[in-house]
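In what follows, a structure is listed as structure tokens, so that the remarks can point back to it.
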Amino acid sequence: MKIIKISLIAVLVFVSQYVMSEEYFVSSFGNDKYPGTKMKPFGSIFKASEIARPADTVTILEGTYYLTKQFRPSHSGLPHKWILYRAAPNESVIFDGSRLKKVVQGTDSVQFSRLTEGLFQIQQVNYLRFENIEVRNSDAAGFIVRGPECKKIELVACKSDQTHNSGIGLWYCDSVLVKNCEIIRANDNGDQYYEKGQEKWGEAPHEALSICGASYFEVTGNYVHHCFKEGIDCKEVSKHGAIYNNLVHDLPRQAYYVDAWFGLLEDVEIHSNTAYNCMWGFGVSVEGKSSDLRNIRFHHNLIYNMKGAGVLFSMWGDNLVRSDIHIYNNTFYHCGSPNVFSGGVGSIDILSKNFRDIYIYRNICDKGWDFEMGFTFKPIEVKRALDDRNFVAAENLFEGVKNRPSRIGQFDVMVYEYLPPGNQIGSPLYRDELRNDFVPEHIPAVNVSGIKWKYKPSPWFGAFEPMK
């Protein structure tokens, strides 16, 4: 009998984790004095957030909700009882920030556009999920998830449209998922974000999707396009994260970016992404003082139609050492164009000389403008310089040697074409490159060098398995 009672209690505890929950509704025609039912919904997400507790759901009915203050979720969920904020199924829910110009901090009224904060400011809360919610017209950011006391947050199928700051920013938070979201028109530096007579900044702050000091993050399936600066930037002291299956296009700067500031950025994997019509495909920087960047894996990505380089080792900021970087099984197609301000450009542009332990293998570098691979070391010194730094580039497929005269560009340096030995010359026949289908129909086999790569590549060149 005692065993039966204990078992029954265990079952009740287990069931209570999933069935003891409430669903609250919000409508633009509701009232915060109502009980929050579907028939009598709340009038604001603020009231629903005050009431919602672990395992509850806040369902927002179709409409545009104009915010006059930031939304800051009031309560956390629990490990098995997340709080869900969602748009009603198959309904459009927009939170518009065009009326939010000032926020109160302490006793001061502060111009919202001066802050790295969001219309949705998710801070000092845990175990929250947001689904199918759009924010629009923010003088600052769209969604900000800010730690350090903030973990287990998920943004799924959300959207940010028209922001001065980031569309989505992850700041020193832990275990955050950003999945299937869309960001458009981020980092606008238009006059509307400045008060009359106020000095205008040279550019808007941060990037479309900024990952700043975050840990154990996952950024996947997102669509970033037609913004005013960079796309997805993993920076500062971020670590232990993955950026994959994203699409970035039509940006004036780099699509994907790792950039160390304030210490060590490490252990980030960037794979299976696509980028086109940007300035650069993938930027690698160590810009901050006393900073370091290591253990970065960039693989199985498609980068095409870049105005600048497919990969750029930049000289921006303090230009410190970056190391333990693995770039493999990527397809770089038509990277570079004439008269770019940074000088000669092509598939892989190693502009900086501050690197060591770099491994570049099994990539397709096809139709780069000035070169498929270039360095700022002079031709007479490049081989020794690469050996000294343990720069290994082998088993790549290069379209060929360009022998195109280069030019001095950014930082008054010249980039010289150099294709290290141990690579192959040739190019694939793609299935339909005119339609941007870069699956190889015919491609040379890899001449295996015998190098034991730390991260095992696919047995073919490039991002995609060839047709059989």
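Annotations
- Residues of segment 153-170 classified as within 15 Å of the chain's Cα centre (by Cα), in a strand (DSSP E or B) and among the hydrophobic types (A, V, I, L, M, F, W, C), total: 4
- Flag if Lys179 is of a type in the set (Lys, Arg), surrounded by fewer than 24 Cβ atoms within 10 Å (Cβ to Cβ) and under 24 Å from Trp261 (Cβ atoms): no
- Tyr193 touching a helix residue (DSSP H, G or I) at 6+ places or on another chain (Cβ under 6 Å) and of a type outside the set (Asp, Glu): yes
- Residue check, Ile122 buried (at least 20 other Cβ atoms within 10 Å of the Cβ), more than 13 Å from Pro73 (Cα to Cα) and modelled with pLDDT of 95 or more: no
- Long-range neighbours under 9 Å by Cβ, at least six apart or interchain, first residue at positive phi within segment 232-257, second polar (S, T, N, Q) and at pLDDT 95 or above: Glu236/Ser291; His240/Ser215; Asn245/Thr220; Asn245/Asn222; Asn245/Ser272; Asn245/Asn273; Asn245/Thr274; Asp250/Asn277
- Segment 259-281, residues that are more than 18 Å from Val340 (Cβ to Cβ) and surrounded by fewer than 24 Cβ atoms within 10 Å (Cβ to Cβ): Trp261, Phe262, Gly263, Leu264, Glu266, Asp267, Val268, Glu269, His271, Ser272, Thr274
- The set of residues in segment 308-323 being surrounded by fewer than 18 Cβ atoms within 10 Å (Cβ to Cβ) and charged (D, E, K, R) consists of Asp318 alone.
- The set of residues from segment 258-277 being small (Gly, Ala, Ser), part of a loop (DSSP other than H, G, I, E, B) and either free of Cβ contacts under 8 Å to residues at least 12 places away in the same chain or touching a strand residue (DSSP E or B) at 6+ places or on another chain (Cβ under 6 Å) (or both) comprises just one member, Ser272.
- Residues satisfying the stated conditions in segment 271-287, i.e. within 13 Å of Ser314 (Cβ to Cβ) and either modelled with pLDDT under 95 or small (Gly, Ala, Ser) (or both): Gly281, Gly283, Ser285
- Screening Gly231 on (1) over 11 Å from the mean Cα position of the chain (by Cα); (2) more than 20 Å from Ile350 (Cα to Cα); (3) surrounded by 20 or more Cβ atoms within 10 Å (Cβ to Cβ) shows it passes everything except condition (1).
- Residue under evaluation Asn246, criteria (1) buried (at least 19 other Cβ atoms within 10 Å of the Cβ); (2) closer than 21 Å to Arg389 by Cα, criterion not met: (2)
- Here the condition is being crowded, with 18+ Cβ neighbours inside 10 Å, more than 21 Å from Phe464 (Cα to Cα), touching a strand residue (DSSP E or B) at 6+ places or on another chain (Cβ under 7 Å) and at pLDDT below 95; of Gly409, Gly336, Gly343, Gly374, it holds for Gly343 alone.
- Residue that is nearest to Ile451 (Cα to Cα), among those in segment 362-376 that are under 24 Å from the mean Cα position of the chain (by Cα) and among the hydrophobic types (A, V, I, L, M, F, W, C): Ile364
- Any hit, segment 212-221, residues being buried (at least 19 other Cβ atoms within 10 Å of the Cβ) and within 22 Å of Asp250 (Cβ to Cβ): yes
- Test: Arg356 is buried (at least 24 other Cβ atoms within 10 Å of the Cβ) and more than 26 Å from Pro428 (Cα to Cα): no
- Strands (runs of 3 or more DSSP E) wholly inside segment 27-118 that include at least 3 residues being surrounded by 13 or more Cβ atoms within 10 Å (Cβ to Cβ): 57-60, 63-66, 83-87, 93-96
- Top-ranked residue in segment 1-26 [being modelled with pLDDT of 95 or more, of a type outside the set (Ser, Thr, Tyr) and not in a loop (DSSP other than H, G, I, E, B); ranked as surrounded by the fewest Cβ atoms within 10 Å (Cβ to Cβ)]: Glu23
- Selection count, segment 82-103, where residues are more than 17 Å from Ile133 (Cβ to Cβ) and free of Cβ contacts under 8 Å to residues at least 24 places away in the same chain: 1
- Scope segment 296-328; condition aliphatic (A, V, I, L, M) and in contact with a strand residue (DSSP E or B) (Cβ under 6 Å, 6 or more places away or on another chain); matching residues: Ile296, Leu302, Ile303, Met306, Ala309, Val311, Leu312, Leu320, Ile325, Ile327
- Residues in segment 282-297 that are hydrophobic (A, V, I, L, M, F, W, C) and under 30 Å from Asp437 (Cβ atoms) were compared, and the one that is surrounded by the most Cβ atoms within 10 Å (Cβ to Cβ) is Phe282.
Here's the yes/no breakdown for (1) touching a Pro at 6+ places or on another chain (Cβ under 7 Å); (2) part of a strand (DSSP E or B); (3) without any contact (Cβ under 8 Å) to a residue 12 or more places away in the chain; (4) charged (D, E, K, R):
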{"site": "Met315", "(1), (2), (3), (4)": "no, no, no, no"}
{"site": "Asp324", "(1), (2), (3), (4)": "no, yes, no, yes"}
{"site": "Ile327", "(1), (2), (3), (4)": "no, yes, no, no"}
{"site": "Val340", "(1), (2), (3), (4)": "no, no, no, no"}
{"site": "Gly344", "(1), (2), (3), (4)": "no, no, no, no"}
{"site": "Ile348", "(1), (2), (3), (4)": "no, yes, no, no"}
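The values are calculated or read from the model by the stated rules, or taken from the named source; none is laboratory data. Nothing here was measured: the structure is a model prediction, and the numbers come from that model. All Cβ positions, even for glycine, are placed from backbone atoms using ideal geometry, and neighbour counts span all protein chains on display.
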